[in-house]
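Written out below as structure tokens is the structure these notes cover.
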Amino acid sequence: MPARVVTLQIDGRDVTARDDQMLIEVARESDIRIPKLCYVSGLSSYGGCRMCLVEVEGTSKLLAACTTAVTEGMQVRTVTPRLTEYRRMILEMLFAERNHVCSVCVSNGHCDMQWLAQHLGIDHIRFPYVYPNLPVDASHDRFVLDQNRCILCTRCVRVCQEIEGAHTWDVMGRGAQSLVITDLAQPWGESESCTSCGKCVQVCPTGALSEKGRSVAEMSKRREFLPYLTMMRGETGNE
Amino acid sequence: MLAEELKNIAVHEREAKAAVGACVNVCGAAGCQSLQSDALAKALVEAAAAQGYGPESCVVRKVGCLGLCGAGPLVSVEPAGIIYQRVQPSDAPDIVNALQGPPVKRINLDSKLPFFARQQRIVLENSGRIDPERLEDYIAADGYLALTTVLSEMTPSDVIAEIEKSGLRGRGGAGYPTGLKWGTVAKAIGSPKMVVCNADEGDPGAFMDRAVLESDPHRVLEGMAIAAYAVGASEGYIYVRAEYPLAVARLKTAIRLAERQELLGNGICGTQFNFRIAIRLGAGAFVCGEETALMASIEGKRGTPRPRPPYPAESGLWGHPTLINNVETFANIAPIIRRGGAWFAGIGTERSKGTKVFALAGRITNTGLIEVPMGITLRDIVFEIGGGVPEGRHLKAVQTGGPSGGCIPESFLDTPVDYETLTKLGSIMGSGGMIVMDETSSMVDVARYFMEFCMTESCGKCIPCRAGTAQMYNLLGRFVDRTATRADLAQLEQLCDLVRNTSLCGLGQSAPNPVSSTLRYFRPEYEATFATEGGE
């Protein structure tokens, strides 16, 4: 079925879009930035971080903008006091969940999570820190995985499967015990499927995946390749 | 098998049964089996042989759940209608001896008890009456009659109209109208279509689906086959948890027997209709009872939910339109077809029709499985049928709906049980687990127990559920340790609101229910645990 063009309102602005587009994408085209952590343009939507929840007229439920397709006449609010408070709390819980101390992080200053916290005006964490004891995997020649910085957004899992086609990464465990793993939870350096392309490192929003040899605040990420690769393949990334 | 053959088997079976002098039924469901009902059945066979009973005068059968699990192992004697409780193998000679005379007093259970008399059995009509491993037993109880009727006399839309007329709603907990769901899948574009039976029963204290599968597995298969015909599906899956080995074994037997008689498989009942059922075992994740996680698990993926829409009716298993119903929902289908939607709609309340199976557990005299019409009050369930709270204690609350439900205090016991009223009380109907608590239960402990359950069963996909349940569990720990402050209480309420409104799937969205319902009715209990007076 060919896509149809629909008109809708986001934060009071009239917007047109194709009806197969997700709300987050449409908002971005009109320069309305909805907060996000697990969503990356060019990869399939995951719907896990709940940062992009928005209010839609006519439904009491909050909808994730990355997994909600636009419909005709939709009226969307992306910033309300309620949403901001929810986003803050979720982000604070994320900071408390593992070890996210920016001052000693390779990604300090280049981190999506840090940027979002500043954007939302977070200056302290109301929840007690959990500080689980998690491993660091430095067995790979060029890259390091620090589970303490991981927010389980699965961007690495998706880029490896959908773009590189290797499916080296996956998630094991449940709940707060979940961990990203390479192959069948082998050391990354011993992974047979990893092509060492480094896409996972570049899409990682935090300092969980970094290049070796980078010190504090030196790990900036390059994501330009992603839209290019997706476009060249003629796929939208959304299955 | 053709309708004619089915009838012949039924007639033959009934005649054979009527010819036998007495039938001794031993419960072979998991509860009684764990109390060595196997050895008991053997002892009964030996005792019958020793006292000169042949196969024509006394038959010992293993049947499904007789209901009163707390007094197991249970034995019933037909046609006298006698029920024995807590039967040991040493009681076997006496039971056989009493076949011709009055029942053995010391173990006799009055079958006129309200526990039996107040129930209305539709889903469990054959439970405890037939041998779940014999297809002929089910056929003799009008089994597969509904399927042959549907295939020979009804169009798919007739079937859906009949289910709609019955007013049946999903028994998995949410109560979505079954007929509406079937209609949506029937109208969905795409083929093949799939039918899935959700038998991943995971609520603590709930064992309704297990009992149905162990006691009357063919009923579920028949319901699924009728559903498949109605929506145009040819493939079906039963997703059953591996913790139910007996249910799995009986399902496998049932599928094999039904396939052999062409009641499942290709060319069912001599028609063009094909429907195959495969079993998939759950590996112990509670979240796999959520329909999208369940489908991911069947597909061989990690069992995590995904956002809806698209609903399974449009895009389910491998992207095909999929109908997912719970065990109890499917178990209601055959009787509705046999006796008509109007009959079913005549039972229950205005918006909740039919009956509901509940598993009574906790501080209650009659622990076990019951089936009651919708609209019965909780008081009747707990005090009439359940026999009240033992040891002279007082009832404090009834927990329904498992970790997604809430606690209903004593003062609301007179509310009729249906989907809407339970939701209004801050709980849910859920799949039917009902845990009774007396005054020795601390509601803070209860809330913390369920929060721990949700925390360990969270799949970890979305942050509010993964991190929020962990934070709430820690906070509740402060109340248990009596180190909490009023600020902790405020934060707990904030977290309840957050997790409810921002989680991805039903598990997270309902995880705060045990906390918010106990806060609603038992707030002083929380406040009493403050470290200082007033909790400042």
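Some observations on this one:
- Matching entry among A:Gly189, A:Gly213 (being assigned by TED's automatic domain parsing to the domain that holds A:Arg149, among the small types (Gly, Ala, Ser), touching a residue at least 12 places away in the same chain (Cβ under 8 Å) and out of contact with any Gly (no Cβ under 7 Å at 6 or more places or on another chain)): A:Gly189
- Filter result (assigned to a loop (DSSP other than H, G, I, E, B) and either touching a residue at least 40 places away in the same chain (Cβ under 8 Å) or closer than 30 Å to A:Gly58 by Cα (or both)) within region A:85-123: A:Arg98, A:Asn99, A:His100, A:Cys105, A:Val106, A:Ser107, A:Asn108, A:Gly109, A:His110, A:Cys111, A:Leu120, A:Gly121
- Pairing each residue of region B:468-481 that is more than 8 Å from chain A (Cβ to nearest Cβ) with any residue that is β-branched (Val, Ile, Thr) and surrounded by 18 or more Cβ atoms within 10 Å (Cβ to Cβ), provided the two are 6+ apart or on different chains, yields C-beta distances under 8 Å for B:Met472/B:Val499; B:Met472/B:Val515; B:Leu476/B:Val444; B:Leu476/B:Val515; B:Phe479/B:Val444; B:Phe479/B:Thr529; B:Val480/B:Val444; B:Val480/B:Thr529.
- Just one residue in the set A:Pro135, A:Pro81 is within 14 Å of chain B (Cβ to nearest Cβ) and either more than 18 Å from the chain's Cα centre (by Cα) or crowded, with 23+ Cβ neighbours inside 10 Å (or both); that residue is A:Pro81.
- Total residues in region A:167-197, condition buried (at least 18 other Cβ atoms within 10 Å of the Cβ) and over 29 Å from B:Phe453 (Cβ atoms): 6
- In the set (1) in contact with a Leu (Cβ under 8 Å, 6 or more places away or on another chain); (2) of a type outside the set (Lys, Arg); (3) within 14 Å of another protein chain (Cβ to nearest Cβ), B:Gly300 fails one condition alone, (1).
- Being more than 30 Å from B:Met154 (Cβ to Cβ), touching a residue at least 12 places away in the same chain (Cβ under 8 Å), buried (at least 23 other Cβ atoms within 10 Å of the Cβ) and of a type in the set (Ser, Thr, Tyr) holds for only one residue in B:Thr400, B:Thr367, B:Thr415, and it is B:Thr400.
- Wholly within region B:422-536, helices (runs of 4 or more DSSP H) carrying at least 1 residues that are among the basic types (Lys, Arg): B:443-457, B:463-480, B:486-502, B:513-527
- Boolean, A:Ser41 is surrounded by fewer than 22 Cβ atoms within 10 Å (Cβ to Cβ), of a type in the set (S, T, N, Q), touching a residue at least 60 places away in the same chain (Cβ under 8 Å) and more than 14 Å from chain B (Cβ to nearest Cβ): yes
- Some residue of region B:148-156 being of a type outside the set (Gly, Ala, Ser) and within 21 Å of the chain's Cα centre (by Cα): no
- Sole exception among (1) under 23 Å from B:Leu360 (Cα atoms); (2) in contact with a Lys or Arg (Cβ under 9 Å, 6 or more places away or on another chain); (3) not aliphatic (A, V, I, L, M) for B:Gly433, by number: (2)
- Comparison of B:Ala10, B:Ala41, B:Ala47, B:Ala16 shows that the only residue that is in a helix (DSSP H, G or I), without any contact (Cβ under 8 Å) to a residue 24 or more places away in the chain, at negative phi and crowded, with 16+ Cβ neighbours inside 10 Å is B:Ala41.
- Here the condition is being within 14 Å of chain A (Cβ to nearest Cβ) and in contact (Cβ under 8 Å) with a residue 40 or more places away in the chain; of B:Ser441, B:Ser516, B:Ser503, it holds for B:Ser503 alone.
- Qualifying positions in region B:384-397 - on the phi < 0 side of the Ramachandran plot and either buried (at least 22 other Cβ atoms within 10 Å of the Cβ) or in contact with a helix residue (DSSP H, G or I) (Cβ under 9 Å, 6 or more places away or on another chain) (or both): B:Glu384, B:Ile385, B:Gly386, B:Val389, B:His394, B:Leu395, B:Lys396, B:Ala397
- Where a residue in region B:446-460 is at pLDDT 95 or above and its partner, wherever it lies, is assigned to a helix (DSSP H, G or I) and among the hydroxyl-bearing types (Ser, Thr, Tyr), with Cβ under 6 Å and at least six apart: B:Ala447/B:Thr518; B:Met451/B:Tyr473; B:Glu452/B:Tyr473; B:Cys454/B:Thr469; B:Met455/B:Thr469; B:Met455/B:Tyr473; B:Ser458/B:Thr469
- Residue satisfying condition, being closer than 19 Å to B:Ser442 by Cα and surrounded by 19 or more Cβ atoms within 10 Å (Cβ to Cβ), within set B:Leu504, B:Leu519: B:Leu519
- Residue that is farthest from A:Lys36 (Cα to Cα), among those in region A:124-154 that are β-branched (Val, Ile, Thr) and part of a loop (DSSP other than H, G, I, E, B): A:Val130
- Any hit, region B:461-470, residues being touching an Asp or Glu at 6+ places or on another chain (Cβ under 9 Å), within 27 Å of A:Leu53 (Cβ to Cβ) and of a type in the set (Ser, Thr, Tyr): yes
- Restricting region B:416-450 to residues that are within 22 Å of B:Glu328 (Cβ to Cβ) and polar (S, T, N, Q), the residue that is nearest to the chain's Cα centre (by Cα): B:Ser431
- Of the residues making up region A:155-186, those that are assigned to a helix (DSSP H, G or I) and over 17 Å from B:Gly303 (Cα atoms) number 8.
- Within region B:114-139, the set of residues being touching a residue at least 60 places away in the same chain (Cβ under 8 Å) and over 18 Å from B:Val212 (Cα atoms) comprises B:Pro114, B:Phe115, B:Arg118.
- Residues located in region A:48-60, provided they are at pLDDT 95 or above and within 12 Å of chain B (Cβ to nearest Cβ): A:Gly48, A:Cys49, A:Arg50, A:Met51, A:Cys52, A:Leu53, A:Val54, A:Glu55
The values are calculated or read from the model by the stated rules, or taken from the named source; none is laboratory data. Since the structure is predicted, the reported quantities are computational estimates derived from the model, not experimental observations. Every residue, glycine as well, gets a Cβ built from its backbone with ideal geometry; the counts of neighbours run over all protein chains shown.
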